[in-house]
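Some notes on the structure that comes next.
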2 protein chains.
Amino acid sequence: MSKENQRDVIVNRLKSKGLRVTPQRFAVYANLCSRRDHPTVEQILKDLNQDFPISSQATVYTSLQALRKVGLVKEVLLEEGVSRYDANVEPHHHFHCRQCGSIKDVPWDTFDSFNLEHLPYLAESYEVTIRGLCDRCTGNN
Amino acid sequence: MSKENQRDVIVNRLKSKGLRVTPQRFAVYANLCSRRDHPTVEQILKDLNQDFPISSQATVYTSLQALRKVGLVKEVLLEEGVSRYDANVEPHHHFHCRQCGSIKDVPWDTFDSFNLEHLPYLAESYEVTIRGLCDRCTGNN
DNA sequence: TTCTGAGATTAGAATTATTCTGAGATAGTA
DNA sequence: TACTATCTCAGAATAATTCTAATCTCAGAA
């Protein structure tokens, strides 16, 4: 996504829900968009404040909540006690490497679509979590 | 699983890894086996100590770790900040109700087995997480 | 049976992640 | 430009989990 698109998207989404567009929220979103590694709050904060202070920890938390509320960010829960965040909100699956801990996006069309009609529940979404060794860790485990 | 089987299973598994079979570990495992609701540490502890104190919080944590180490218990991560535990270690999937929060086991054979060969990773296990409304919550949402 | 040491339990302290508080700052409207 | 609801932030509060170190227990040795 281009920088211009990024700005348009966040402005429109936040505004449509009556939320303000602030430099902190934009910075959090831009940071998430710029990386593919599903960072934690701590990692985002460290990144944002690398050159000069731009945000506090509490603000990263509340910014992520705001971004989640408007559907720009998703939470990723794969490890105990670790909440990670992802700006890729298109449906996709996740791979989690048990050795290096890295998390990779797995394309939605990797699996045939499931027929969830015959479950006794109303399924609204689903996701496959795959665990094992990533490309960099196979061979040297 | 019968009470007798439960005892055999836990004794053999713990012993085979050089771990002791203690009343606390057995109580945690028995409690997990007796319920289908994927309880949290807090819920297990409350259950165990209902009639008289049998275990401390720290012991529930370490017992669960021991039981996980020998493969008798699995952790279930579906909600932010909530670790749940499951004595059903057979491969299966999970359904999570967004309204009442209940978690249901979904049989392994609900989905055709996936071909994970063409992923650029070594897949060792996978699981499908389905979200939506459970049978009790559909109709009154 | 008694002794002994490694492992287990425990209360409470420590740590860590997240949320709350309330005072000051600011985005966006008019 | 002025106004005001919302946002930010430092620090306090809360909650989940782990650590500490003192005591206890049990399996095997004597």
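In table form, for the structure just shown:
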| read-out | value |
| --- | --- |
| Filter on A:K74/B:K69; A:K17/A:K74; B:K3/B:K104; B:K46/B:K69; A:K3/A:K104; A:K74/B:K104 - keep pairs with C-alpha separation over 25 Å | A:K74/B:K69 |
| Calculated P(r) tail over 14 Å for the stretch A:93-132, as whole % of Cα pairs | 55 percent |
| Charge context of A:C137, other residues only, Cβ under 13 angstrom, K/R +1, D/E -1 | +2 |
| Range in chain A, longest, excluding exposed GluC sites (Glu not before Pro) [loop by DSSP; at most 13 other beta-carbon atoms within 10 Å] | A:1-79 |
| Rounded accessible area of A:R68 (nearest 10 Å², 1.4 Å probe) | 80 Å² |
| Given charges at Cβ of Lys, Arg, Asp, Glu: chain B dipole, positive-most of B:P91, B:L48, B:L122 | B:L48 |
| Solvent-accessible ranking of B:C134, A:C100, largest area first, probe 1.4 Å | A:C100, B:C134 |
| Alpha carbon centroid spacing (whole Å) that separates the stretch A:62-140 from the stretch A:6-47 | 19 Å |
| Chain A, accessible surface, carbon-and-sulfur percent (1.4 angstrom probe) | 46 percent |
| Value of [θ]222 nm, deg cm²/dmol, for chain B, DSSP H segments ≥ 4, -39500 (n - 2.57) each, nearest 500 | -10500 deg cm²/dmol |
| Surface per residue (accessible, 1.4 Å probe) for chain A, Å² | 57 Å² |
| Global geometry of chain A, whether rounded, prolate or oblate, following the gyration tensor of its Cα atoms and the 1.5 cut on a/c | oblate |
| Listed residue (B:T138, A:P107, A:Q57) projecting farthest to the positive dipole end of the protein assembly as shown, Cβ model | A:Q57 |
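The values are calculated or read from the model by the stated rules, or taken from the named source; none is laboratory data. This one's a predicted model, so the numbers in the text were calculated from it and none came from an experiment. Cβ sites come from the backbone with ideal geometry, for glycine too, and all protein chains shown count toward neighbours. Protein only, heavy atoms only, side chains kept; ligands, DNA and RNA dropped before computing areas. Shrake-Rupley method; radii C 1.70, N 1.55, O 1.52, S 1.80 Å.
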